[in-house]
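Bear in mind these aren't lab numbers, they're just calculated from the coordinates by the rules spelled out. Remember, it's a predicted structure, so these values are computed and weren't measured experimentally. Backbone-built Cβ (ideal geometry, glycine too); neighbour counts: all protein chains shown.
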Amino acid sequence: MTSTHKVAWIGLGKLGLPMATRIAAAGHSVQGFDVSAERMALAEQAGIAVHPDLVTAIDGCSLVLVSIPDDRALLGLCLGAGELIAHMAPGTTLIETSTVSIEASEQVAQAAQARGIAYLRSPVSGNPVAAEAGTLSAMVSGPKDALAAAIPVMQSFTKAQYWLGDEEQARYAKLAINLMIAVSAGMLGEALALSRKGNIDWSAMLELVADSAVGSPMVQYKVAPLRKRDFTCTFSAAQMAKDLDLILACAHGAGVPVPLAAQMREAYTSLIGTGHGEDDYIATVHHTERLAGLSAIEHAADSGE
């Protein structure tokens with residue numbers, strides 16, 4: 001395939017690196033930058049042309065994609081010491097894929113507009129496994145013509161791109177989706193604790209849940225690790241707490257009551273406070289079990305209680 005874009009990818013973390021790798025594997029020219037030497041080395045092994053600084057990484061690129069952890073990183077990169085936007089050429093496109101606040105995104109939008117840069121807010125739904133498989137879903141808002149031009153690149157790491165409007169709609173959508181994921185994790189923890197109290201076989205209950213009306217893709221994806229009692233992180237409890245802070249601030253600013261979000265934020269506060277902040281966000285399961293006085297299950301993959 002002939003590449004129509006020279007692409008820069010800034011932020012080669014757990015999601016950024018597999019997304020950038022998918023773009024390179026699709027035949028596009030990808031230049032990468034990250035503050036971590038370890039992530040840069042992994043990117044180079046994946047066929048990405050790594051650069052020692054931000055300015056050379058974006059040189060000559062019509063698309064600059066960003067994947068960073070939070071508001072502070074976004075504003076520092078785009079408007080602070082990094083000054084990404086100041087170094088981008090007018091007429092190019094900035095595609096920001098992270099979960100950040102409406103306010104931070106609006107600041108980036110204003111700076112991009114002043115520079116003549118198209119700004120696509122494009123947070124993604126999925127995890128590193130989905131990123132590696134190219135099956136993420138992108139929620140996109142910003143100039144629709146810029147999205148149309150970027151589709152050949154975005155299709156290499158997403159299964160769908162949902163254009164939602166010209167402004168911050170994608171940010172609202174991402175926070176709404178993450179609210180549902182957080183509440184689903186809490187609901188699953190309570191349901192599984194209740195089933196254990198009822199002396200239901202652990203694996204049998206997980207199979208039933210996955211095959212029931214509430215067996216969403218998120219629930220089905222978590223059944224396999226839960227069967228083994230594996231809470232290895234794909235998206236941490238601490239990260240979910242950060243997103244819930246964004247959700248609460250967004251909802252309060254919009255005048256929307258979100259008591260379930262507030263309750264789940266307290267649950268994740270407890271997880272972090274008891275040393276489980278780096279566990280997967282589905283650690284709500286063992287959190288609820290502890291509250292219910294249930295002990296850990298041994299050899300859960302092979303038997304019930």
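Quick look at the numbers
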| quantity | calculated |
| --- | --- |
| Distant-in-sequence amide H partners of K6 (H built 1.01 Å from N, under 5 Å) | S62, L63 |
| Efficiency of FRET between A160 and N199 - r from beta-carbon atoms, R0 45 angstrom, step 0.05 | 0.60 |
| Cut-off under 5 Å, modelled amide H: who pairs with S101 long-range | D71 |
| Label point distance in nm, V55-E207, each placed 7 Å from Cα along Cα→Cβ | 6.3 |
| Local electrostatic count, F33, Cβ distance below 13 Å [Lys/Arg +1, Asp/Glu -1] | -3 |
| Spin-label pair Q45/A176, simplified geometry with 7 Å Cα→Cβ offset, distance in nm | 4.1 |
| Listed residues A20, A204, A146, most fluctuating in the chain (Gaussian network, C-alpha, under 10 Å) | A204 |
| ³J(HN,Hα) computed for each position of segment 81-92 - Karplus, 6.51 cos²θ - 1.76 cosθ + 1.60, integer Hz, glycine/proline x | 4, x, 6, 3, 4, 4, 9, 7, 7, x, x, 8 |
| Computed FRET value (nearest 0.05) for Q113 with A26, which takes r as the C-beta separation and R₀ as 35 Å | 0.75 |
| Spin-label model distance (nm) - S216 vs S137, 7 Å beyond Cα toward Cβ | 1.0 |
| Residue-count net charge about T232 - beta-carbon cut-off 11 Å; Lys, Arg +1, Asp, Glu -1 | -2 |
| Filter on K6/K222; K14/K197; K14/K144 - keep pairs with C-alpha separation over 31 Å | K6/K222; K14/K197 |
| Cα shape, segment 6-167, gyration tensor, a/c 1.5 rule | rounded |
| Assigned charges on the beta-carbon of Lys, Arg, Asp, Glu; the chain dipole about Cα centre (debye) | 360 |
| Of the DSSP H helices in the chain, those whose Cα atoms cover at least 18 Å axially and whose Kyte score averages -1.0 or more | 102-115, 169-197, 237-254, 259-273 |
| Ranked R72, R121, R290, criterion: other C-beta atoms within 10 Å, fewest first | R72, R290, R121 |
| Separation between Cα centres of segment 241-303 and segment 54-82, rounded to whole Å | 31 |
| Identified option (computed mean projected area of the Cα convex hull in nm²; candidates (1) 16.5; (2) 20.9; (3) 14.5) | (1) |
| Whole-angstrom gap from segment 118-178 to segment 189-227, using each part's C-alpha centre | 30 |
| Cα shape, segment 12-51, gyration tensor, a/c 1.5 rule | prolate |
| Amide H contacts of L79 (H built 1.01 Å from N, under 5 Å, at least 5 apart or other chain) | L84 |
